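Worksheet for the structure shown next.
The values are calculated or read from the model by the stated rules, or taken from the named source; none is laboratory data. Everything quoted here is computed from the prediction, not taken from an experiment. Positions of Cβ are backbone-derived with ideal geometry, glycine not excepted, and every protein chain shown enters the neighbour counts.
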Amino acid sequence: MEPTYLQRLSFIKYLFSIIGLYQSYQPEPLYGVSILSFHDSVELFLQLSLEKLNITKASQSFMDYWEIIKSEKGMTLSQKGSMKRLNKARVGLKHSGIIPSKLDIESFRATTLAFFNENCLKIFDRDFDDISLIDIIKFERSKKLLKQAKSDFENNSIEKSLQNIALSFEYLISDYEKSKGVGLFHRSPFPFSKHITRRYKEIDEVVKSIEANTKAIKILSFGIDYKKYVKYKSIVPSVRLTMNGTPSLDPSRKIVLSKEDLDFCINFIVESALKLQEFDFELENRMKFKFKPLI
C-alpha cells in the first residue's frame with residue numbers, strides 16, 4: 001500500500017477509534033457528538049476509496065458513494081442501510097438539534113466498525129484491525145515496544161505483551177522528559193520530586209505514596225486523561241525506572257489481557273503520545289547557565 005494511503009487510513013482509524021469511540025461512551029447528551037466523528041471517518045474512507053479505485057466521478061452526497069463505486073467498478077460496499085441511518089441521524093443533530101438515544105449510539109458504534117471491517121479489506125486488501133496507529137508515535141523506544149506488545153499478544157505471549165505495554169508508556173514519558181532536559185546533566189524541566197532512596201522499611205509506604213502523587217501530578221501536567229490512565233494502570237503491571245533507566249517490573253500481577261484491553265492500552269498510549277507531540281518545544285538553547293566571577 002502506498003504510504004499516503006496508509007497514513008490517511010491511520011488518521012481515519014484515529015478519528016473513529018480514539019475520538020469517536022471515546023465520545024460515544026460519554027454521558028447524555030455528550031455522547032451525541034460521536035455520530036459526527038463516526039460520519040466523518042466513514043466519509044473520509046469513502047473519498048479515499050474513490051482515489052484508490054481511480055474513480056474520477058465526484059460524489060454529490062454521502063449516499064452517492066455506494067452507487068458510484070458499483071457503477072464504475074462493479075463493487076458492492078456493505079452497510080449501506082446502516083450508514084443511511086447514520087447520515088440521517090447526523091443531519092438531524094446538525095440541522096434540527098435532535099440528539100440520538102443511547103441505544104442508537106450503541107448501534108452506530110457497532111455498524112460503523114462493521115463498515116470498516118468489511119470494506120477496508122475489499123478496497124485496500126488489508127484488515128482494518130491491521131491499520132496501526134502506532135506509527136503516529138515519534139518516540140522510537142515507545143513505538144518499538146508497542147509494536148512488539150501487539151505481536152506478543154498475537155502469538156499468545158500475554159505476559160510479554162503486558163510488560164512491553166507497561167514499558168512503552170514509561171519510556172514515552174521518560175524520553176519526552178529527556179528530550180526537554182537542560183543543563184549539563186539534561187535535568188528534566190518537570191522536577192516534581194527528587195529521587196528517594198528507600199533506606200528503611202518503615203518509610204517504604206510513605207515513599208510509595210509520594211511517588212504515586214508525583215506521578216499523578218506529572219500525568220495531569222502533560223495533559224493526559226487521568227481517568228484513562230487509571231484504567232490503563234488497572235490492566236498493566238506496575239513498572240518503575242531506576243536512576244540509570246533500568247526498568248523494574250512488578251512480578252505479582254495476575255496475567256490477564258483481552259483484545260479489548262490491548263486495544264484500549266494501545267489507543268491510550270497513542271493518544272498520550274499525541275498530547276506530548278502536539279505542543280513541542282526546545283529548552284536547550286533558551287536556558288544558558290552563566291557564571292559570574294566572584295571578584
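What number goes with the only condition from (1) in the same structural domain as LEU274 (by TED's automatic domain parsing); (2) without any contact (Cβ under 8 Å) to a residue 60 or more places away in the chain; (3) part of a helix (DSSP H, G or I); (4) over 18 Å from the mean Cα position of the chain (by Cα) that ASN156 does not pass?
Condition not satisfied by ASN156: (3).
Could you give every pair whose Cβ atoms fall below 8 Å, whose first residue belongs to segment 137-152 and is free of Cβ contacts under 8 Å to residues at least 40 places away in the same chain, and whose second residue is assigned to a loop (DSSP other than H, G, I, E, B) and surrounded by fewer than 21 Cβ atoms within 10 Å (Cβ to Cβ), counting only separations of at least 6 or pairs across chains?
LYS147/SER132
Checking SER132 against (1) under 17 Å from ASP263 (Cβ atoms); (2) out of contact with any strand residue (DSSP E or B) (no Cβ under 7 Å at 6 or more places or on another chain); (3) part of a helix (DSSP H, G or I), which single condition isn't satisfied?
(3)
Filter segment 239-295 for residues that are part of a loop (DSSP other than H, G, I, E, B) and of a type in the set (Gly, Ala, Ser); which is modelled with the highest pLDDT?
The selected residue is SER258.
Can you tell which of LYS88, LYS70 is surrounded by fewer than 17 Cβ atoms within 10 Å (Cβ to Cβ), without any contact (Cβ under 8 Å) to a residue 60 or more places away in the chain, within 19 Å of PHE108 (Cα to Cα) and not hydrophobic (A, V, I, L, M, F, W, C)?
LYS88
Which ones in segment 114-129 are in a helix (DSSP H, G or I) and in contact with a helix residue (DSSP H, G or I) (Cβ under 8 Å, 6 or more places away or on another chain)?
Hits for segment 114-129 are ALA114, PHE115, PHE116, ASN117, ASN119, CYS120, LEU121, ILE123, PHE124, PHE128, ASP129.
Do we have ILE98 as in contact with a Gly (Cβ under 8 Å, 6 or more places away or on another chain), without any contact (Cβ under 8 Å) to a residue 60 or more places away in the chain and over 30 Å from LEU167 (Cβ atoms) here?
For ILE98, the condition - in contact with a Gly (Cβ under 8 Å, 6 or more places away or on another chain), without any contact (Cβ under 8 Å) to a residue 60 or more places away in the chain and over 30 Å from LEU167 (Cβ atoms) - is met.
Checking the conditions here, which among SER41, SER59 is among the hydroxyl-bearing types (Ser, Thr, Tyr), within 30 Å of TYR229 (Cα to Cα) and surrounded by 14 or more Cβ atoms within 10 Å (Cβ to Cβ)?
SER41
For SER174, only one of the following conditions fails: (1) modelled with pLDDT under 75; (2) in contact with a strand residue (DSSP E or B) (Cβ under 9 Å, 6 or more places away or on another chain). What is its number?
(1)
Looking at the structure I just gave you, is LEU113 without any contact (Cβ under 8 Å) to a residue 12 or more places away in the chain, surrounded by 14 or more Cβ atoms within 10 Å (Cβ to Cβ) and within 27 Å of the chain's Cα centre (by Cα)?
no
Which one is surrounded by the fewest Cβ atoms within 10 Å (Cβ to Cβ) among residues in segment 1-36 that are among the aromatic types (Phe, Trp, Tyr) and more than 13 Å from ILE99 (Cβ to Cβ)?
TYR25
So LEU6 ticks every box in (1) under 18 Å from SER107 (Cα atoms); (2) out of contact with any Ser or Thr (no Cβ under 7 Å at 6 or more places or on another chain) but one. Which box is left unticked?
Among (1) under 18 Å from SER107 (Cα atoms); (2) out of contact with any Ser or Thr (no Cβ under 7 Å at 6 or more places or on another chain), LEU6 violates only (1).
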